[in-house]
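In what follows, a single structure is set out as structure tokens and then discussed.
We did not get these values from a lab; they are worked out from the coordinates using the rules stated. What you see is a predicted model, and the numbers here were worked out from it, not measured in a lab. As a convention, Cβ positions derive from the backbone with ideal geometry for all residues, glycine included, and neighbour counts pool all protein chains shown.
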Amino acid sequence: MKAPPRHLDISPMTLEDIPDVLRIEAQCFTTPWPRNAFQNELTDNKLAHYFVGRIDDQPVAYGGLWVILEDAHITTVAVAPEHQRKHFGEQMLVHLIEEAIARGARWITLEVRESNIAAQNLYKKYGFTVVSTRRGYYSDNDENALVMWAGNLKGEIYQNRLKALKEGLC
């Protein structure tokens with residue numbers, strides 16, 4: 001019998017989390033964000049909200065978003081490779097969606113690599129649809145990004161979907 005997924009302890013990212021975040025970032029991305037990008041997001045960008053997910057006090061995932069009035073933009077989501085396929089990315093995504101809603105967002109968007117089918121499927125599960133393509137968006141290999149969007153986050157239909165998916169996740 002398969003064990004139920006473990007639950008991430010998700011809390012706001014702090015400057016002290018940056019070394020662990022950079023370690024995960026380097027493991028997950030060919031062009032990782034530099035230290036000062038995370039520092040600036042945490043200290044200078046009033047629209048930014050970043051979170052770290054921990055298992056047994058060990059950071060294993062992180063994610064961030066910007067909320068601008070009724071619009072939210074997921075800027076990054078990553079899970080350490082040794083902890084992938086354990087629903088931690090999904091738990092972080094749910095947290096980011098709920099954070100966006102709590103901060104007044106009615107719509108949410110993100111970019112995802114055209115080749116990242118697993119991430120696209122996860123986003124589709126949570127109501128995101130492809131609305132456009134950004135040609136050559138990723139500088140490491142000139143890969144296209146799909147722009148995905150989910151709307152009416154505060155509507156009854158989306159809220160019921162989110163509730164049911166979250167219950168299934170737990």
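Pop out the ³J(HN,Hα) list for the stretch 48-59 in order, Karplus 6.51 cos²θ - 1.76 cosθ + 1.60 with θ = phi - 60°, rounded to Hz; leave Gly and Pro as x.
Listing the rounded values in order: 8, 9, 10, 9, 10, x, 10, 10, 6, 6, 9, x Hz.
On the Cα set of the chain, report Rg and Dmax in Å, please.
15.5, 47
Please arrange Leu169, Leu15 by counting, for each residue, the other beta carbons lying within 10 Å of its beta carbon, fewest first. Don't skip to the answer; put the middle values down first.
Values: Leu169 14, Leu15 11.
Final ranking by Cβ density, sparse to dense: Leu15, Leu169.
Below 12 Å, Cα to Cα, which aspartates and glutamates can Lys125 reach? Residues fewer than 8 away in the same chain don't count.
Within the straight-line limit of under 12 Å, Lys125 reaches these aspartates and glutamates: Glu90.
Exceeding 22 Å between C-alpha atoms, which entries from my cross-link table qualify? They are Lys46/Lys166; Lys124/Lys166; Lys46/Lys124. Please report the intermediate quantities before stating the final value.
On the way: Lys46/Lys166 28 Å; Lys124/Lys166 15 Å; Lys46/Lys124 29 Å.
As for pairs spanning more than 22 Å Cα to Cα, those are Lys46/Lys166; Lys46/Lys124.
With θ taken as phi - 60° and the coefficients 6.51, -1.76 and 1.60, list the Karplus ³J(HN,Hα) couplings across the stretch 8-19 in order, rounded to whole Hz; mark glycine and proline as x.
Karplus values, whole Hz, x for Gly and Pro: 6, 8, 9, 9, x, 5, 10, 4, 5, 7, 4, x.
Neighbour counts of other C-beta atoms within 10 Å: give me Cys170, Cys28 arranged from fewest to most.
On the way: Cys170 11, Cys28 17.
Going from sparsest to densest Cβ surroundings: Cys170, Cys28.
From the phi angles alone, apply the Karplus equation (6.51, -1.76, 1.60; θ = phi - 60°) to the stretch 29-38 and give each ³J(HN,Hα) in whole Hz, x where the residue is Gly or Pro.
Each residue of the stretch 29-38 in turn: 10, 6, 10, x, 5, x, 3, 5, 5, 5 Hz.
Can you show me the helix-derived [θ] at 222 nm for the chain, built from DSSP H runs with n ≥ 4 at -39,500 (n - 2.57) apiece and divided by the number of residues, rounded to the nearest 500. Please list the in-between numbers first.
Details: 5 runs with 58 residues, N = 170.
Rounded to the nearest 500, the figure is -10500 deg cm²/dmol.
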